[in-house]
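I have placed the structure first, in the form of C-alpha cells, so that the comments after it can refer back to it.
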Amino acid sequence: MQIRRSVLLAAAMAATLLAGSAAAQNFADVKPSPQQTHWQDLEFGVIVHFGTNTFLDREWGDGTADPKVFNPDHVDPDQWARAAKSAGAKYLVLVAKHHDGFALWPTAQTDYSVKNSPWLGGKGDLVKMTSDAVRKEGMAFGVYLSPWDRHEPRYKDSAAYDKYYMAEMDELVQNYGPLVEWWLDGAGSAGHVYDFKKYLEELRTYQSNTMVFADVALFGYGDIRWVGQEDGHIHGENWNVIDRHGDLRWRPVEVDTPLHKLQWFWHPDSDKTLKSVDELMDIWENSVGLGGQLMLGLAPNRRGLLPDADVKRLKEFGEALQARYGADKNLVRKHAFTDANTSAALDGDQDTFWSAPEGARNAVLEANFPQPITFDHALTMEWLNDGQCVQKYAMEAWVNGAWKAVASAQAIGHMKIDRFAPVTAAKVRLNILSSACTPRIREFQLFNVGQKR
C-alpha cells in the first residue's frame, strides 16, 4: 500500500509539473522583464555604420582593406548624437566592428583596428568618443559587434574564435558601459558554430541589463528579435511573444532600416538616396506605430561627419513627428470630467493606466468631450507588465445616435496607431472585444492629422 501511495504521489507531482509547464507555455502568461519594458519605452534608436567600407564605397567589406584607408579628418560623434536626438531618437548603437573585422577601438586582440590607421596617429578610440557624445545628449548607448569576421584567421576554428570574440566583448562591455543594447547580426554565419550561450553568459556578467538583439534563427534566447526585412515596416499583427520550436519567449520586434535607400554605409551618391520626410513618417507609423522599435541607420561620410542633408532631414523628421503626434496635438487632453480610472488612460502620462475589472475578458474605455471633435488617427498603448492581453478590439465613435466602428484589429501591444477617414463625434470609445487577460491601457489618444494617406 505504501508503494502504491508513493507511485500515486509521484504521478500527481508529475501531473502538477506538466500542468505548470503547460501554463507557462500559454502566450498570455509570458511577461516581459523590467529591462524589456524599459527598452520598449525608448521606441526609436539609430545605428551608426562607419569604417573602411566608408572609404572604399562598399556595403560589404571582405577583410582585406588596409587599415591605412581609414583616415577621417573631422570625426564628430557629438554631431551624430545631436542629429539623432533632433529626430526623436533616444539611443544610439555604434557598429564597433562590421563583417570586415576592422575594429573602431584600440583592441588588444588584433592589429586590424584604428590603432594601425593614420587617424589621430593610431591613438583614436571611436567607441569611447561616441559613447561619451551620446551620454552627453542624455541618450542611451549600445554596441554592434559582428559575429562574422572576414579578416580574423581564427574564424576558421570555432573554439579559438569564440575565445577571440569574447575577449573583444570583454573589452567593450567592461570599458564602455552601461550598454542598452548588444546587436548580434546573423549575416554570413551560415554553417559556423558559435558558443552563443557562453557569449551571453559573459555579457550578463558585466552588463546584466543589456538587451540582446538577434535574428530568431540565430539562437532562441535573445531579448529582441529582427522583423525579417529592412524595409522599415512590420507586416501584419504584432505580438510580443514568439514561438520558437515550442518555446515561448517575450521578444519584441526591432525594425532596422537605413536613412538612405539600401545603403547602410555612406556612398558618393548619398544625395540621391536620402529618404523623404513622408517616407520616414510612413516607416515610423509602421514600426513604432505598430508596437515595434525603430532602428534607423546613419552613415557618416569620409570626413567623419553626417552630411548636411542628413542632419537637415533628421531635424525635419523630428519636427514632423511633433507636428503630428506631439503632446499638444492630442485631442483627448480636453476630455470631459470622468472617473480616476478612466482619466489614467487619458492623462498623457505613461506611468498611469486604466484597468478593466480584474478577470474581465472584454471591456470598454470611453472618452467624452464637451464639444464634438474631428479626428482621423487614434493612438493606443497597452500596459504590458502583466503581458500582452488584448486580442481583438474596435475603435468606435458615437455618430447619429449609434456607435460606429472606424477601425478594428487584433493586437495593440506597446503602441498601436489606427488611421481612418475623418470622423466628428463627442463620444469615442475603445471597445475591447476579446482579451486573454485583464486588459490595461496606458494611453488612449486622438489626433486630427488632416492629410490623405
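Only the coordinates and a few stated rules stand behind these numbers; no lab work does. Keep in mind that what you see is a predicted model, and the values were worked out from it rather than measured. For neighbour counting, all protein chains shown are included, and Cβ atoms are generated from backbone atoms with ideal geometry for every residue, glycine included.
Worth pointing out:
- Under the span-like rule (Cα at least 20 Å along the axis, Kyte-Doolittle mean at least 0.0), DSSP H helices of the chain: 2-24
- Shape of the chain from the C-alpha gyration tensor: oblate (a/c of 1.5 or more and a/b not above b/c, with a ≥ b ≥ c the square roots of its eigenvalues).
- Neighbour-count ranking [beta-carbon atoms within 10 angstrom, fewest first] of 155, 393: 155, 393
- Along the axis of the charge dipole computed for the chain (Cβ charges of +1 for Lys and Arg, -1 for Asp and Glu, origin at the Cα centre), the listed residues 398, 420, 439 are led at the positive end by 398.
- A simple spin-label model places pseudo-atoms 7 Å from Cα toward Cβ; at residue 361 and residue 33 they are separated by 3.3 nm.
- Note on segment 301-370: with charges restricted to the Cβ of Lys and Arg (+1) and Asp and Glu (-1), its dipole about the Cα centre is near 540 debye.
- Cβ-based charge dipole, the chain, positive-most Cα from 430, 26, 207: 430
- Pairs from the list 163/261; 261/392; 156/197; 198/261 with a Cα-Cα gap above 26 Å: 163/261; 261/392; 198/261.
- Of 442, 361, the sequence from fewest to most neighbouring Cβ atoms within 10 angstrom is 361, 442.
- Among the listed pairs 123/312; 275/334; 85/275, those beyond 26 Å (Cα-Cα): 123/312; 275/334
- At full extension, residue 243 and residue 338 could sit 30.2 nm farther apart than now, given 0.36 nm per residue minus the alpha carbon distance.
- Convex hull projection area averaged over all views, segment 329-447, Cα basis, nm²: 6.6 nm²
- Among 317, 375, 219, a tally of other beta-carbon atoms within 10 Å of each Cβ gives an order, fewest to most, of 219, 375, 317.
- Only Lys, Arg (+1) and Asp, Glu (-1) charged, at Cβ; segment 329-447 dipole about Cα centre in debye: 360 debye
- Inter-label distance, residue 170 to residue 279: 4.4 nm, where each label sits 7 Å from its Cα along the C-beta direction.
- Sorting 144-154, 260-270 by average packing, meaning the other beta carbons within 10 Å per residue, from highest down gives 144-154, 260-270.
- Charge context of residue 92, other residues only, Cβ under 15 angstrom, K/R +1, D/E -1: -3
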